[in-house]
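The structure under discussion appears below in the form of structure tokens.
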Amino acid sequence: MVKRAYKYRFYPTPEQAELLNRTFGCVRVVYNRALEARTRAWAVDRRRTTYVQSSGWLTEWKRTDELAFLNEVSSVPLQQTLRHLQAGFVAFWDKRARHPRFKSKRKSRASAEYTRSAFRWRDGRLTLAKMNTPLNIVWSRPLPEGAEPSTVTVSRDAAGRWFVSILVEDLTVRPLPPVTAEVGVDAGITSLLTLSRPMPGVSDEHGKVANPRYGQADRRKLAKAQRNLARKQKDSANRAKARMKVARIHARIADRRRDHLHQLTTRFVRETQTVAIEDLSVRNMLRNRRLARVISDAAWGQFRRMLEYKADWYGRKVIPVNRWLPTSKTCSTCRRINTALTLNDRSWTCPGCGVEHDRDINAATNILAAGLAER
């Protein structure tokens with residue numbers, strides 16, 4: 001059974017917005033204080049602390065005059081942020097993530113998580129703890145029939161939009177009927193993706209998926225808004241308005257990119273049984289200052305994450321291939337490696353068998369072969 005989050009936009013009343021903003025601030029304060037205390041305990045005493053200990057600290061903080069305001073909001077989001085901090089430390093100890101960092105008022109995501117004891121779900125209307133009226137949610141798509149929310153996460157993005165994410169057990173997610181199609185995928189910049197074979201409705205007749213470059217499309221508008229923001233006086237009302245305009249442009253870019261990637265990955269899991277992709281380290285590639293912007297705009301990491309969780313839902317398989325394999329330089333016909341190939345060579349002829357290759361299509365074909373060999 002799959003747990004799936006359905007995200008909707010909602011429009012809070014002024015009272016609801018005030019309460020939620022206070023909750024976001026309290027969540028940030030509790031997280032930062034707990035992180036500071038746990039970090040100090042390790043630095044001074046070489047002692048690891050747990051969620052249970054940090055929960056005890058929260059009880060003590062609420063009794064002080066300085067932090068008495070924590071009692072004005074629901075206690076559940078405060079406990080949940082301590083659980084998130086514990087998960088962050090576990091990932092750090094297992095060397096799966098960096099050390100948890102402090103939350104910033106301006107830069108960090110404003111969110112609060114409510115478990116079943118902190119909200120009321122009745123007749124399709126959601127009411128959070130400490131609220132007297134339900135949220136005005138825009139139901140852009142229905143929840144699965146009979147679904148009962150187990151967790152609700154409320155957030156506000158930098159553009160001032162409010163969202164609620166409802167986690168339910170989705171009985172409609174089932175493995176799709178098996179198909180025989182297999183495809184290798186080579187990520188790129190000129191073309192967003194190059195496939196080992198064409199997919200009608202996804203790629204062109206050569207197997208290449210166009211790169212929409214949403215960031216570049218709004219680049220001039222964004223640059224103008226950022227220049228306007230830079231001229232505004234710090235902490236002024238006009239600066240806040242200018243910052244909101246920049247955030248709206250960023251949100252538009254991100255929304256369009258996300259929608260495009262959702263459509264792509266859904267087509268992949270519906271029409272192919274196995275997808276082989278290159279195991280790229282996008283974080284390291286972003287250190288290239290000349291290519292960082294276009295690599296970020298392509299969002300290869302987001303594409304892979306979407307593809308993997310959808311494949312897991314629907315019974316498909318995604319095979320990551322070693323990034324160090326010379327997939328571009330190896331002839332997919334005779335397997336000879338062309339060591340003279342440079343990055344500027346977009347097509348080349350194999351000196352061994354004489355077959356002419358498109359660099360990216362040849363790489364996608366080799367990625368598929370390497371993925372099937374590891375299966």
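Read-outs: derived from the displayed coordinates by stated rules, not from any lab. Predicted model only: the values in this text are computed from it and were never measured. Every residue, glycine among them, receives a Cβ derived from its backbone with ideal geometry; neighbour counts consider all protein chains shown.
Given a Förster distance of 41 Å, report the FRET efficiency between Cys353 and Arg98 from their Cβ-Cβ distance, rounded to the nearest 0.05. So, using R0 = 41 Å, E works out to roughly 0.30.
Take the Cα of Val90, step 7 Å toward its Cβ, do the same at Arg323, and the gap between the two points is 2.7 nm. Based on Cα contacts under 8 Å between residues 6+ apart, the chain shows a relative contact order of 16 percent. Toward the positive end of the charge dipole of the chain, with +1 on the Cβ of Lys and Arg and -1 on the Cβ of Asp and Glu, the farthest Cα among Ala34, Ser140, Val209 is that of Ala34. For the chain, the Cys residues with no second cysteine's beta carbon closer than 4.7 Å are Cys26. Segment Arg106..Gln226, full-extension length gain: 41.6 nm, with 0.36 nm per residue of separation and the alpha-carbon distance subtracted.
In this structure, the residue pairs whose Cα-Cα separation is over 32 Å, taken from Lys95/Lys241; Lys245/Lys310; Lys103/Lys208; Lys7/Lys241; Lys208/Lys310, are Lys95/Lys241; Lys245/Lys310; Lys103/Lys208. Proximity of backbone amide H atoms, modeled 1.01 Å from N, is registered between Met199 and Gly207 at under 5 Å, excluding neighbours fewer than 5 places apart on the same chain. Counting only Cβ charges, +1 for Lys and Arg and -1 for Asp and Glu, the dipole size of region 88-241 around its Cα centre is about 1640 debye.
Here the Debye sum runs over all C-alpha atoms of the chain as equal scatterers in vacuum, and log10 of I(q)/I(0) at q = 0.06, 0.12, 0.14 Å⁻¹ comes out as -0.32, -1.14, -1.34.
Relative to one another, the C-alpha centroids of region 347-375 and region 169-203 are positioned 19 Å apart. What separates the Cα centres of region 24-102 and region 221-271 is a distance of 31 Å. The residues packed around Phe69, meaning those with a beta-carbon under 14 Å from its beta-carbon, carry a net charge of +2 if Lys and Arg are +1 and Asp and Glu are -1. Spin-label model, Met285 to Arg252: label points 7 Å out along the Cα-to-beta-carbon direction sit 2.7 nm apart. Using the average count of surrounding beta-carbon atoms within 10 Å as a protection proxy, the listed peptides 143-149, 307-313 rank, highest first, as 307-313, 143-149. Placing +1 on each Lys and Arg Cβ and -1 on each Asp and Glu Cβ, with no other charges, gives the chain a dipole about its Cα centre of roughly 1760 debye.
Estimated from the Cβ-Cβ distance and a Förster radius of 22 angstrom, the FRET efficiency linking Glu72 and Ala41 is about 0.20.
Working from Cα pairs under 8 Å separated by at least six residues, relative contact order for region 2-170 is 35 percent. For region 269-375, what does the alpha-carbon gyration tensor say about shape, rounded, prolate or oblate, given a ≥ b ≥ c as the root eigenvalues, a/c under 1.5 as rounded, and a/b over b/c as prolate? Note, shape of region 269-375 comes out oblate. With a simple spin-label model that places each label point 7 Å from the Cα along the Cα-to-Cβ direction, the separation between Thr133 and Leu176 comes to 4.3 nm.
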